[in-house]
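The values are calculated or read from the model by the stated rules, or taken from the named source; none is laboratory data. If you're wondering where the values come from, they're calculated on a predicted model, not measured in any experiment. No Cβ is skipped: glycine too gets one built from the backbone with ideal geometry, and neighbour counts run over all protein chains shown. Protein only, heavy atoms only, side chains kept; ligands, DNA and RNA dropped before computing areas. Shrake-Rupley method; radii C 1.70, N 1.55, O 1.52, S 1.80 Å.
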Amino acid sequence: MNGFFYWEYDKVQDCLMLCSEATRRKIPTALKREVLNYSALGRNDCEAGDFLFYNQVIELLEYSNLIDPEQHEFIAYSATGARQFLLPSQAKSWFFEFAATALAVDHNSTPIPAIVQTRVKQTGQSINLLLLNCDEQVADCLLLDPALNLAGLRRQFGQPLRIFNNRLQALPLEMSLAIFQQQSA
């Protein structure tokens, strides 16, 4: 796979791209320059682990029915790139409510990738996220909702968000289907 597929930041489109050497195809992600670490600005070969994680995300999204099928590839490539190239940032947890202790994300038992949810403190609105990475305290996620607009925090579909684990709860796949049906109605 090395040499055939590689990651490269595109200055014109201001995003990380997955590129194919053979077809010259460039696949955009949601990852803008301001969220990328320095190594993302050069050419980086794809590894087997990238394709494995991409497939895990695709399977999760297909099973969950949380987002439209035409968005799966975009989120999966964004998630795969984010695992390797996200710039460490401060967690934005003060915007969100604590999760019930029994439901909070646990870095030892929550599978990755996973669909997770958090609630906005001011409104009680549920926000759907894709969990990418998780340590003992903090998780890196991608926004699965169309947009998140709070005072001092604005994110669009697919953009990264860092939140303390105690603000996140894993979303069973059965709930994902119910949420998708509610949003489609």
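Worth pointing out:
- At a probe radius of 1.4 angstrom, the accessible area of the chain per residue rounds to 52 square angstrom.
- Whole-angstrom gap from region 90-131 to region 1-48, using each part's C-alpha centre: 29
- Take every pair of alpha-carbon atoms less than 8 Å apart whose residues are at least six positions apart; their mean separation over the length of region 18-102 yields a relative contact order of 38 percent.
- Protection proxy ranking of 31-38, 75-82, 14-21 - average other beta-carbon atoms within 10 Å, highest first: 75-82, 14-21, 31-38
- Ala91 paired with Glu8, simple spin-label distance in nm, labels 7 Å along Cα-to-beta-carbon: 3.8
- The alpha-carbon of Lys11 sits under 21 angstrom from the alpha-carbons of these lysines, leaving out residues fewer than 8 places away in its chain: Lys26, Lys32.
- Calculated FRET value between Asn55 and Arg25, using beta carbons and R₀ = 25 Å, to 0.05: 0.85
- Karplus-based coupling profile of region 30-43, in residue order and whole Hz: 8, 8, 7, 3, 5, 9, 9, 6, 4, 5, 6, 7, x, 7, with θ = phi - 60° in 6.51 cos²θ - 1.76 cosθ + 1.60 and x standing for Gly or Pro.
- Solvent-accessible area, 1.4 Å probe, carbon plus sulfur percent, for the chain: 51
- Using the Cβ-Cβ distance between Gln122 and Glu34 with R0 set to 22 Å, the FRET efficiency works out to roughly 0.30.
- Three-way shape label, region 45-174, alpha-carbon gyration tensor, a/c 1.5: rounded
- Debye, to nearest 20: dipole size of the chain, +1 on Lys, Arg Cβ, -1 on Asp, Glu Cβ: 660
- Antiparallel content of DSSP bridges confined to the chain, in %, to 5: 95
- Across the chain, the relative contact order, built from alpha-carbon pairs under 8 Å that are at least six residues apart, equals 20 percent.
- Dividing the helix sum by the residues of the chain, where each DSSP H run of 4 or more adds -39500 (n - 2.57), gives a mean residue ellipticity at 222 nm of -7500 deg cm²/dmol.
- Charge dipole (the chain, unit charges on Cβ, about Cα centre) - positive-most of Thr29, Ala100, Asn149: Asn149
- Of all lysines in the structure, the ones whose alpha carbon falls short of 17 Å from that of Lys121, not counting any fewer than 8 places away in one chain, are Lys92.
- Accessible heavy-atom area order of Trp94, Trp7, highest first, probe of 1.4 Å: Trp94, Trp7
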